[in-house]
Amino acid sequence: MQGTGMGALAVILLATQTKFFSKKYEIDDMKDISEFSELKFCASIMFRACVIMSSNCFSIQQEPGIISGSGLYVAHSLYNHSCAPNTFRHFEGLTMITRALTPIHVGEQIFTSYGGVYAHMPRFERKQKILQDYFLDCDCPACENDWPMYNEILRSHIGSISKNKQLVEKLKPFRERLLANMYDIEAVKAVLDILHKEVSKHPCEEILHAEQYLKSYYLDP
Ligand SMILES: [Zn+2]
């Protein structure tokens, strides 16, 4: 594990290259540190700090899809994980911005994706990644109900509202606004608001489509 390696290396360097401990240790002493309580104590703290750090860091993607590093974003670490999150993240410089993807009401949890989202990564890959990186067995709705991916939802019109005439009619003015101005992002937000009020079965083709539109507005300006 990366955290173990970093913690061990830090203790070895401190012990053999500095006067941090009560004495300067020889590299041979590092083969078995069980007799040296100060090294054992320090190694356990280092290990804990490294694991906490690696589990709470986010990839920094100033350009979508290009990871330029990782950073500790304390507020964002408080979010729970879901493969069907109600938020998405993007960067402005090194500042990470979280935006709502669905209406989030007072008292509801905020979810972000620690790994892949259901629409773009197969279920077994997501579960494997989350387990490996965060020691979690994901039980989000997408994993529990094995939601299909983006292409399958669009190809088979899964959860489509197109036969719900009343709802289609309600969305018409927003469709017209978007036809007149494809950058009218407030129209997309209004569509999502209406769809989330009216649709109870997920996944839904039109919700997924509107979410993709909203994300691409901020991710591919
Ligand atoms: Zn999941």
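The values are calculated or read from the model by the stated rules, or taken from the named source; none is laboratory data. Everything numeric in this text was worked out from a predicted model, so none of it was measured. Here Cβ is always computed from backbone atoms with ideal geometry, including for glycine, and neighbour counts include all displayed protein chains.
So here's what we get for this one:
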item	result
Matching entry among Ala180, Ala187 (being over 17 Å from Asn86 (Cα atoms), aliphatic (A, V, I, L, M) and crowded, with 16+ Cβ neighbours inside 10 Å)	Ala187
Residue that is nearest to Val191 (Cα to Cα), among those in the range 127-147 that are part of a loop (DSSP other than H, G, I, E, B) and touching a residue at least 12 places away in the same chain (Cβ under 8 Å)	Trp147
Flag if Lys201 is among the basic types (Lys, Arg), modelled with pLDDT under 95 and over 20 Å from the mean Cα position of the chain (by Cα)	yes
In the range 87-121, residue farthest from the ligand (Cβ to nearest atom) [restricted to those that are in a strand (DSSP E or B), among the polar types (S, T, N, Q) and closer than 18 Å to His202 by Cα]	Thr87
Options Tyr150, Tyr213; residue that is of a type in the set (Ser, Thr, Tyr), in contact (Cβ under 8 Å) with a residue 40 or more places away in the chain and out of contact with any Asp or Glu (no Cβ under 9 Å at 6 or more places or on another chain)	Tyr150
Where Phe124 falls short, out of the listed (1) in contact (Cβ under 8 Å) with a residue 60 or more places away in the chain; (2) within 16 Å of the ligand (Cβ to nearest atom)	(1)
Only listed residue being modelled with pLDDT of 95 or more, surrounded by fewer than 15 Cβ atoms within 10 Å (Cβ to Cβ) and either among the charged types (D, E, K, R) or more than 16 Å from the ligand (Cβ to nearest atom) (or both), chosen from Asp137, Asp133, Asp146	Asp146
Count - residues of the range 33-86 that are touching a helix residue (DSSP H, G or I) at 6+ places or on another chain (Cβ under 8 Å), polar (S, T, N, Q) and within 16 Å of the ligand (Cβ to nearest atom)	1
Sole exception among (1) loosely packed, with under 15 Cβ neighbours inside 10 Å; (2) modelled with pLDDT under 90; (3) in contact with a strand residue (DSSP E or B) (Cβ under 6 Å, 6 or more places away or on another chain) for Tyr73, by number	(1)
Failed item in (1) buried (at least 17 other Cβ atoms within 10 Å of the Cβ); (2) under 30 Å from Val51 (Cβ atoms), with Leu171 passing the rest	(2)
Residues satisfying the stated conditions in the range 30-67, i.e. small (Gly, Ala, Ser) and surrounded by 12 or more Cβ atoms within 10 Å (Cβ to Cβ)	Ala43, Ser44, Ala49, Ser54, Ser55, Ser59
